[in-house]
Amino acid sequence: MENSLIATDADIAKAAQYLKALGHPLRLKILCQLGENRISVQDIVERVGTTQSNISQHLGILREKGILACQKDANRVYYYVDNIDTLRLIKLLKEIFCKT
């Protein structure tokens, strides 16, 4: 694969799994709400507008894929994007798709 942008099948599979995690509208909305901030689960629920159990399920998927991390503080859990490349990608998506 001399002219391939992504050279190996393993890298292609890794990229596909990453994009699959980002590809769900609710997960992308969560990431857009987080940006570079640390936000509690309750605040994410309020900003995104769905149930806490639904948000928790999607936060778990994003954590499992290494896209998000969390920090516990007393009885609150704060989530944040733990990958600078993910932030770069979200900013690029905004630039491409949010022309307003």
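Using +1 on the beta carbon of Lys and Arg, -1 on that of Asp and Glu, and nothing else charged, what's the dipole of the chain about the Cα centre, debye to 20? Could the numbers behind the result be given before it?
Values: 14 positive and 11 negative charges, 66 e Å.
Dipole of the chain, to the nearest 20 debye: 320 debye.
Counting only pairs 8 or more places apart or on different chains, how many lysine pairs in the chain have C-alpha atoms closer than 23 Å?
Within the chain, the lysine pair count is 16.
Which three extents, in angstrom, do the Cα atoms of the chain have along their principal axes, listed largest first?
So the extents along the principal axes, rounded to whole Å, are 52, 33, 21.
When the helices in the chain are scored as -39500 (n - 2.57) per DSSP H run of 4 or longer and the sum is shared across all residues, what 222 nm value do you end up with, to the nearest 500 deg cm²/dmol?
On the way: 5 runs with 59 residues, N = 100.
Calculated from helices alone, the mean residue ellipticity at 222 nm is -18000 deg cm²/dmol.
Taking H as built 1.01 Å from N, whose amide H comes closer than 5 Å to the amide H of SER40, not counting residues under 5 places away?
Amide H neighbours of SER40, under 5 Å, 5+ apart: TYR79.
No lab work stands behind these numbers, since they all come straight from the coordinates. From a predicted model like this one, the values you see are computed outputs, not experimental measurements. When we count neighbours, we look across all protein chains shown, and the Cβ atoms used for this are built from the backbone with ideal geometry, even at glycine.
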